[in-house]
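Data first, discussion second: the structure below is written as structure tokens.
Every number in this text was worked out from the coordinates using simple rules, so none of it is lab data. Bear in mind the structure is a predicted one, so any value in this text is a computation, not a measurement. Methodologically, a virtual Cβ is constructed for each residue, glycine included, from the backbone with ideal geometry; neighbour enumeration extends over all protein chains shown.
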Amino acid sequence: MAVSLKAMRYFNTAVARGSIAQAADELNIAASAVSAAIDQVEDALTLTLVTRQRSRGIKANASGRLIAQKFERLLEDYQAILAEGAELKHSLGGVLRVGYYAPVAPAFLPGIFSSFIPQGSDTVLHLRECDNDAAQEGLLNGEFDVILFVSEGAKAAMAFDILVEAPPYCVLPKAHPLARQRSISLAQIAKERLVVLDRPVAAAYYHRLFADFGASITVAAYANSTEMVRGLVSAGHGCAVLNMQPLTDTSYAGADLVSLPISDRLPHLTLSIAYDRARPRRLVQHFVDACRSHFEKAGARYCVGNT
């Protein structure tokens with residue numbers, strides 16, 4: 001049984017809205033037509049793709065999300081063919097789903113989107129911050145179109161491109177005596193109480209830096225966000241080791257911080273990008289190219305280099 005473009009559109013709208021009734025209202029058709037389209041898609045593929053819930057709510061399973069993503073590509077290609085020769089903003093319309101494990105992503109993602117999505121475009125962005133494993137799983141099961149993640153924790157099946165290699169640096173309150181130095185050693189940092197970024201990959205990486213140098217540390221606090229780490233440091237609870245740097249030396253609490261390069265030679269963490277390379281949608285490819293271009297030009301702004 002063939003699946004029509006109309007059925008694909010009805011199916012995707014229902015999956016996106018999570019409701020047959022809402023999809024019908026948006027498409028200005030009968031709810032029975034949406035339900036029939038879902039049945040057509042499931043029958044053609046001999047798969048169960050959605051779970052129907054009470055009050056006509058639906059929830060796509062992993063296979064359903066993956067099929068919806070593939071349908072979206074087909075529908076986008078079809079629209080691009082119809083709009084051949086139209087302005088760029090019309091060929092870039094659609095939904096872009098980005099998962100990211102990058103604590104300072106708010107410092108660069110908005111600018112990257114502005115660099116290639118024209119004003120007035122009907123592109124809709126879905127952005128989700130998640131941990132490293134969840135980002136990769138989301139890409140593999142079709143939940144995300146593209147992800148930004150730390151590739152030191154990459155799964156074996158994950159193909160990726162490195163955007164920037166960020167060396168560790170130390171962040172201190174501006175009034176701290178060590179903040180007047182041009183750089184700081186790991187031995188000096190180990191004598192201070194530490195605030196540790198407690199996120200998958202990151203926490204293990206920071207502990208390993210000191211363990212590899214045979215240094216023991218005293219942890220004052222664990223926090224699972226970069227800005228909370230910076231806030232605790234600015235309030236005098238200790239110093240911290242981080243990698244990517246926000247484009248401000250002021251914490252959310254309004255206190256000034258100082259970032260110092262670490263004089264020891266230490267392993268970096270890498271921010272990487274991954275997506276379906278086989279046949280990426282135009283919107284995905286534009287985003288990937290914009291990320292590469294951005295970090296080629298400005299990547300060093302987010303790093304405090306070693307001396």
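Some points to look at:
- The charge dipole of segment 1-157, taken about its Cα centre with unit charges on the Cβ of Lys, Arg, Asp and Glu (plus for the first two, minus for the last two), comes to roughly 420 debye.
- Across segment 276-290, computed HN-Hα scalar couplings (Karplus, 6.51 cos²θ - 1.76 cosθ + 1.60, θ = phi - 60°) run 6, 7, 4, 7, x, 4, 4, 5, 5, 5, 5, 5, 4, 4, 5 Hz from first to last residue, x flagging Gly and Pro.
- Efficiency of FRET between ALA235 and SER185 - r from beta-carbon atoms, R0 25 angstrom, step 0.05: 0.55
- Residues ILE162, ILE273 in ascending order of nearby Cβ atoms (within 10 Å, fewest first): ILE162, ILE273.
- Whole-number Å³ per residue for the convex hull built on Cα positions in the chain: 164 Å³
- Label point distance in nm, SER263-GLN53, each placed 7 Å from Cα along Cα→Cβ: 5.8 nm
- Size estimate for segment 1-82 follows the Kirkwood approach: the inverse of mean 1/r over distinct Cα pairs works out to 12.5 Å.
- Net charge of neighbours whose Cβ lies under 9 Å from the Cβ of LYS174, counting Lys and Arg as +1 and Asp and Glu as -1: -2
- 29 Å Cα-Cα reach of LYS191 towards lysines, excluding residues that sit fewer than 8 places from it in its own chain: LYS174
- Calculated [222 nm] ellipticity per residue, helices only, for the chain: -12000 deg cm²/dmol; basis is -39500 (n - 2.57) per DSSP H run with n ≥ 4, divided by all residues, nearest 500.
- Antiparallel bridges, percent of DSSP beta bridges restricted to the chain (to nearest 5): 60 percent
- What the phi angles of segment 245-261 give under the Karplus curve with 6.51, -1.76 and 1.60, with θ = phi - 60°, is a coupling list of 10, x, 8, 8, 9, 10, 7, 4, 6, x, 9, 7, 10, 10, 10, 10, x Hz, glycine and proline written as x.
- ALA253-GLU129 FRET efficiency (beta carbon distance; Förster radius 22 Å; 0.05 resolution): 0.55
- Extending 7 Å from Cα along the Cβ direction at ILE29 and again at GLN79 yields two label points whose distance is 1.6 nm.
- With Cα atoms, 0 to 90° folded angle of helix 202-212 axis to the chain main axis: 30 degrees
- FRET efficiency, 1/(1 + (r/R0)^6) with R0 30 Å, evaluated for ASN141 and ARG208 via beta carbons: 0.50
- Relative contact order of the chain: 19 percent, from C-alpha pairs under 8 Å at least 6 residues apart in sequence.
- Given charges at Cβ of Lys, Arg, Asp, Glu: the chain dipole, positive-most of ALA203, GLN69, THR13: ALA203
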